[in-house]
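Read through the structure below, which is laid out as structure tokens, and then see the notes.
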Ligand code: PRP
């Protein structure tokens, strides 16, 4: 039997995913050792492999078949737009993709002005403004601490993830429009879905039962 390989998103999503896998009898003791620098972990008994990757790289590993299955945020799936199947909503890592800014920016959104939008998600932002709203905007790609942009005058608004809303509140910003709800999803390589359909379906069904 060949190994079935999982690509997990490093950090909180991976911990939550491992908890969930444990509930369906899939364990990987090696992976829990926080001090280990090892990148790939094996469950010999079940012929499974696991590795941790940066979120945006998970869809890449899955598209190319280096991983059969991935667990990654919906934001990353949409932004990366890789060829893969999104098969299951795990229901954790829940948050929202939103257009945010100071109250004063509300008007700019209503009047369809050519505003500047800072974001870590240029593709999602572009799709929202161009295709959903029909508003021409200038998109500025940033890599983090996006809330800074409207405060220092780099952009009028931002498109970013809002979870508790604390970051916005503490910086005098607010949600102006909601783009979409987000959560952790299971993605599957398109060929694996055919070739390993039985094993993958079994895992997906077990996950559905505990969710
Ligand atoms: C994310 C997101 C917001 C914040 C939202 O940033 O980009 O800044 O969390 O969470 P909240 O609504 O609970 O305050 P993250 O901490 O991942 O870091 P980054 O800003 O460097 O991307």
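The values are calculated or read from the model by the stated rules, or taken from the named source; none is laboratory data. Note that the coordinates shown come from a computational prediction; the quantities given were computed from them, not determined experimentally. Here the Cβ positions follow ideal geometry from the backbone for every residue, glycine too, while neighbour counts run over all protein chains shown.
Odds and ends about this structure:
- Test: residue in the stretch 125-146 that is touching a strand residue (DSSP E or B) at 6+ places or on another chain (Cβ under 9 Å), over 30 Å from residue 91 (Cβ atoms) and in contact (Cβ under 8 Å) with a residue 24 or more places away in the chain: yes
- Residue check, residue 58 in contact (Cβ under 8 Å) with a residue 24 or more places away in the chain and in a strand (DSSP E or B): no
- Here the condition is being modelled with pLDDT of 95 or more, part of a strand (DSSP E or B) and within 20 Å of residue 78 (Cα to Cα); of 139, 146, it holds for 139 alone.
- Single unsatisfied condition, residue 86 versus (1) away from the ligand (no atom under 16 Å from the Cβ); (2) not in a strand (DSSP E or B): (2)
- Matching option when the condition is surrounded by 17 or more Cβ atoms within 10 Å (Cβ to Cβ) and over 14 Å from residue 186 (Cα atoms), among 63, 45, 80: 80
- Taking the stretch 90-121 as the range and being more than 16 Å from the ligand (Cβ to nearest atom), under 19 Å from residue 182 (Cα atoms) and surrounded by 15 or more Cβ atoms within 10 Å (Cβ to Cβ) as the test, only 90 passes.
- Of the criteria (1) within 15 Å of the ligand (Cβ to nearest atom); (2) more than 19 Å from the chain's Cα centre (by Cα); (3) in a helix (DSSP H, G or I), which one residue 124 fails: (2)
- Among (1) within 16 Å of the ligand (Cβ to nearest atom); (2) over 20 Å from the mean Cα position of the chain (by Cα) - the single one residue 180 does not satisfy: (2)
- Residue match in the stretch 194-202 (condition: farther than 23 Å from residue 114 by Cα, within 14 Å of the ligand (Cβ to nearest atom), in a helix (DSSP H, G or I) and without any contact (Cβ under 8 Å) to a residue 60 or more places away in the chain): no
- Residues within the stretch 89-108 that are assigned to a helix (DSSP H, G or I) and touching a strand residue (DSSP E or B) at 6+ places or on another chain (Cβ under 6 Å), tallied: 2
- Residues of the stretch 151-170 satisfying the condition of being near the ligand (Cβ under 9 Å from one of its atoms) and either part of a helix (DSSP H, G or I) or surrounded by fewer than 16 Cβ atoms within 10 Å (Cβ to Cβ) (or both): 163, 164, 165, 166, 167, 168, 169, 170
- Residue in the stretch 138-150 that is closer than 30 Å to residue 194 by Cβ and within 16 Å of the ligand (Cβ to nearest atom) present: no
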